[in-house]
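Working notes, structure below.
The values are calculated or read from the model by the stated rules, or taken from the named source; none is laboratory data. Bear in mind the structure is a predicted one, so any value in this text is a computation, not a measurement. Every residue, glycine among them, receives a Cβ derived from its backbone with ideal geometry; neighbour counts consider all protein chains shown.
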Amino acid sequence: MTALDTDLVSVALRDPLALIAWPVPRWEALIRQARRADLLSRLAVALKDARLLEEVPAAPRAHLEAALVVAQAQEEAVRREVSYINKAIGPIGVDIVLLKGAAYLVGGLPAAKGRVFSDVDILVPKQALPEVEAALMVHGWATTHHDAYDQRYYRQWMHELPPLRHATRATVLDVHHAILPETARLKPDSGQLLAASVPAAGDMRFRVLAPADMVLHSATHLFHNEELSHGLRDLADLDCLLHDFGLRSGFWQELTERASDLDLARPLYYGLRYAMQMLGTPVPREALTAVDISHPSRLLRPLMDALFLRALRPDHPSAADHLTPLARRALYVRAHWLRMPPHLLAYHLTRKAFRRRSVNAA
């Protein structure tokens with residue numbers, strides 16, 4: 001068994017048919033890994049769509065069937081939440097661009113099938129933030145961060161408001177004005193993303209990013225994220241989007257050209273590289289050639305492979321080796337390094353360290 005094969009979830013998503021011959025102990029390990037990766041529902045959908053669910057042994061099948069029920073309940077909850085968001089923001093006349101899971105769901109995309117949601121993300125113009133926040137607060141949302149430094153951190157440096165939680169439903173909403181922090185090294189133009197957004201096919205009250213931009217946002221979010229415990233779920237999102245949009249005429253050329261226009265060629269390079277390696281995502285040779293000019297140096301590339309091919313596995317001991325914790329810590333620091341200039345990063349991490357020490361002391 002290779003190191004990558006300890007990640008049973010990727011093996012399963014690449015070839016669901018092969019699972020039918022698995023012994024029950026291997027199924028048990030798969031179920032544990034998939035649950036930790038938030039991919040149990042997606043795996044269940046893949047097996048159901050392939051008409052293989054009934055052939056799964058009874059014990060793991062019970063977990064998969066339960067995951068399908070959870071996914072359906074979450075889908076209904078997100079649709080309700082999106083409706084509440086429209087009720088709050090719709091009257092002020094600001095276009096609401098749904099992001100990530102909510103966009104896949106309302107846009108009717110295959111990436112929504114079996115998708116597990118933790119919150120809803122929206123993108124609005126930066127100048128509309130005060131009006132949008134006020135409208136949401138009137139309808140029951142409130143900030144989750146009350147510390148003065150946290151408020152400054154989000155409002156001055158980040159690409160979003162502090163997360164908002166609804167007072168009665170306890171649902172979480174992230175309101176973005178960009179897809180990367182203002183202090184980040186890469187500077188994708190939010191105006192271009194908003195201008196190219198399209199009406200959501202499933203609900204014309206909302207907009208979603210254009211297909212190429214949706215892929216670029218998925219890759220950028222994943223490869224600039226300091227927390228990779230659900231990295232494989234995000235990579236699976238990217239795989240679904242590429243399978244879907246990749247069938248459209250001209251998509252791959254548009255994707256690579258758009259990545260260059262938006263200064264997002266490097267995260268796209270990583271997205272295509274690891275989607276292919278881990279999930280077998282089909283990518284045309286021309287697209288690979290176009291993004292290859294954005295690869296890291298020859299010395300850095302093996303290091304990034306060693307880090308990401310560990311950190312993107314399910315966050316479960318059975319999918320890890322002795323270097324996995326080190327890989328996750330290194331990528332945590334890398335993400336912050338990409339988000340902030342050195343002086344701000346040093347200040348931010350020092351403050352977080354002192355806060356953590358104070359909490360532990362208490």
Next item on the list: Please specify each residue of segment 5-34 satisfying the condition of being of a type outside the set (A, V, I, L, M, F, W, C), touching a residue at least 24 places away in the same chain (Cβ under 8 Å) and over 18 Å from CYS240 (Cβ atoms).
Entry: THR6, GLU28, ARG32, GLN33
Checklist line | Inter-residue pairs, beta-carbon under 8 Å, first within 17 Å of ARG169 (Cα to Cα) and in segment 83-101, second in a helix (DSSP H, G or I) and modelled with pLDDT of 95 or more, 6+ apart | finding: ILE85/LEU136; ALA88/ALA135; ALA88/LEU136; ALA88/VAL138
Next item on the list: Find the residue count for segment 190-212, including only residues that are among the acidic types (Asp, Glu) and within 28 Å of VAL333 (Cβ to Cβ).
Entry: 0
Check: Is it the case that LEU13 is closer than 30 Å to HIS322 by Cα and in contact with a helix residue (DSSP H, G or I) (Cβ under 7 Å, 6 or more places away or on another chain)?
Finding: yes
Note to self: As an exercise: evaluate PHE117 against (1) at pLDDT 95 or above; (2) within 23 Å of VAL69 (Cβ to Cβ) and give the number of the one condition it does not meet.
What the structure shows: (1)
Notebook entry, point to check: With segment 35-147 as the region, which helices (runs of 4 or more DSSP H) entirely inside it contain at least 2 residues that are out of contact with any Asp or Glu (no Cβ under 6 Å at 6 or more places or on another chain) and surrounded by fewer than 19 Cβ atoms within 10 Å (Cβ to Cβ)?
Noted result: 40-49, 58-89, 129-138
Check: Can you find a residue in segment 293-307 that is in a helix (DSSP H, G or I), modelled with pLDDT under 85, more than 23 Å from the chain's Cα centre (by Cα) and loosely packed, with under 12 Cβ neighbours inside 10 Å?
Finding: no
Item checked: Among (1) in contact with a His (Cβ under 7 Å, 6 or more places away or on another chain); (2) surrounded by 15 or more Cβ atoms within 10 Å (Cβ to Cβ), the one test that GLU226 misses -> (2)
Note to self: Tell me the residue from ARG266, ARG313 that is within 20 Å of THR6 (Cβ to Cβ), surrounded by 20 or more Cβ atoms within 10 Å (Cβ to Cβ) and of a type in the set (D, E, K, R), please.
What the structure shows: ARG313
Next item on the list: Restricting attention to segment 148-160, report how many residues are among the hydrophobic types (A, V, I, L, M, F, W, C) and not in a helix (DSSP H, G or I).
Entry: 1
Checklist line | helices (runs of 4 or more DSSP H) within segment 186-288 that include 2 or more residues over 12 Å from the mean Cα position of the chain (by Cα) and charged (D, E, K, R) | finding: 251-261, 265-279
